Amino acid sequence: MTLQQLKYALEVASKGSMNEAAKSLFISQPSLSNAIKELEKEIKITIFIRTNRGIAISNEGAEFLGYARQVLQQYNMIEEKYMSGKPAKQHFCISTQHFTFAANAFVELVKEFGASEYEFTLRETKTYEIIEDVKNLRSELGIIHLSNYNESVLLKLLRERNISFSELFVAKPHVFISKKHPLSINESIDLDELDDYPCLSFEQGEYNSFYFSEEILSTRIVKKNIKVSDRAAIVNFMIGLNGYTISSGVFPKYLHGEEIIAVRLNVDEVIRIGTIKHNDVTLTKLGEIYLDALKMIEKEL
């Protein structure tokens, strides 16, 4: 196996086509196809599934490409540092449920890193995709929550993917609402007080099982339910529709001003929030900086 073969495989995955990848690599399509076949033969898996519509990445292939991406990133850093005469461009990616404190910690990472060149990615996405990102090494860390309802299912899923969960903190459930909401004057809120207001939740796409929900108590029946795909929309609906969502209560005000508040919810539940990491991966310096920023949240609770 060579670095060139890894580069070829990643380019094919990026382009989604042997022809397009061959053009960008300035080699013939038959040469590229043969190189990929030789690689697949050597590692004894099928990376790309050939179809009439082009190519698709197999499950085994996605995992292999994750490792290949890590190898090439490390090689490029060595090459840039010791051969190009200029500082290496740093790469870092995390995947997270829609937690505002994850963005807060990301801000701290950028401030502390302070290098002239970097490419950082913060992916706020669906629960299943977070797990797949970490499994396939697209993201160094993921951030999810466990509850009494989903813990056994998600921990089993993580074990099957060679991923470990590390608890950051335990939080009591809170209701996020607009400061102008009729219930905003309450010190705490009962579930039945929420019946007449829209319940806001993040949609989970193909994997829309209750176990993958970002909100606890996801199985309860509500009269009004709005699913959204991004955090900005959920904030707008809190303000414009008196909607609410249930989460941890950790909500850095500087990210959304003073418009949204968190009120304690009267339920006998806890939310375990933590990071997930592939067991074969050692955190980079950037990963350690980000993890330290996340741990500071616990001290602020």
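The values are calculated or read from the model by the stated rules, or taken from the named source; none is laboratory data. Treat the numbers as computed from the prediction; the structure is a model and nothing was measured. All Cβ positions, glycine included, derive from the backbone under ideal geometry; neighbour counts span all protein chains shown. Note: accessible area is taken over every heavy atom of the protein model, side chains too, but ligands, DNA and RNA are not part of it. Shrake-Rupley method; radii C 1.70, N 1.55, O 1.52, S 1.80 Å.
Can you list the HN-Hα couplings for the range 51-57, worked out from phi with the Karplus curve (6.51, -1.76, 1.60; θ = phi - 60°), rounded to whole Hz and with x for Gly and Pro?
10, 5, 8, x, 10, 10, 8
If you plug each phi of the range 162-179 into the Karplus form 6.51 cos²θ - 1.76 cosθ + 1.60 with θ = phi - 60°, what whole-Hz ³J(HN,Hα) values come out, in order, with x for Gly and Pro?
Those phi angles translate into 6, 10, 10, 9, 10, 5, 8, 6, 10, 10, 7, x, 10, 9, 8, 9, 5, 5 Hz.
Could you calculate the FRET efficiency of Val270 with Arg50 from 1/(1 + (r/R0)^6), where r is the beta carbon distance between them and R0 is 41 Å, rounded to 0.05?
The calculated FRET efficiency here is 0.25.
Looking at this model, which pairs from Lys7/Lys41; Lys7/Lys37; Lys44/Lys126; Lys126/Lys277; Lys172/Lys295 are more than 20 angstrom apart at the alpha-carbon?
Values: Lys7/Lys41 17 Å; Lys7/Lys37 14 Å; Lys44/Lys126 31 Å; Lys126/Lys277 16 Å; Lys172/Lys295 17 Å.
Those over the limit are Lys44/Lys126.
Points 7 angstrom from Cα along the Cβ direction at Gln74 and Asn236: gap in nanometres?
4.4 nm
Place the peptides 67-75, 94-102 in order of packing, highest mean first, counting for every residue the other Cβ atoms within 10 Å and averaging per peptide.
Numbers: 67-75: 16.3, 94-102: 23.3.
Most protected by this proxy first, the peptides run 94-102, 67-75.
Starting from the Cα-Cα distance between Leu3 and Tyr207, subtract it from 0.36 nm times their residue separation and give me the gain in nm to one decimal.
69.9 nm
Which of Ile273, Ile239, Ile185 moves most in a GNM of the chain, Cα contacts under 10 Å?
Ile185
So what is the 222 nm mean residue ellipticity for the chain from helices alone, if each DSSP H run of at least 4 adds -39500 (n - 2.57) and you divide by all residues, rounding to the nearest 500 deg cm²/dmol?
Value at 222 nm, helices only: -13000 deg cm²/dmol.
Per residue, what volume in Å³ does the Cα convex hull of the chain take up?
Here the figure is 157 Å³ per residue.
How much length is gained on full extension from Lys295 to Asn279, taking 0.36 nm per residue of separation minus their Cα-Cα distance?
Difference between extended and current length: 3.8 nm.
Order these peptides, 290-297, 27-34, by their mean beta-carbon neighbour count within 10 angstrom, highest first. Before the final figure, lay out each step's value.
Values: 290-297: 18.6, 27-34: 13.8.
Averaged packing, sorted descending, gives the order 290-297, 27-34.
With a 1.4 Å probe and all protein chains in place, put Glu206, Glu151, Glu117 in order of accessible area, largest first.
I get Glu206, Glu117, Glu151, largest accessible area first.
Using label points projected 7 Å from each Cα along Cα→Cβ, tell me how many nm separate Asn148 and Asp195, to one decimal.
2.2 nm
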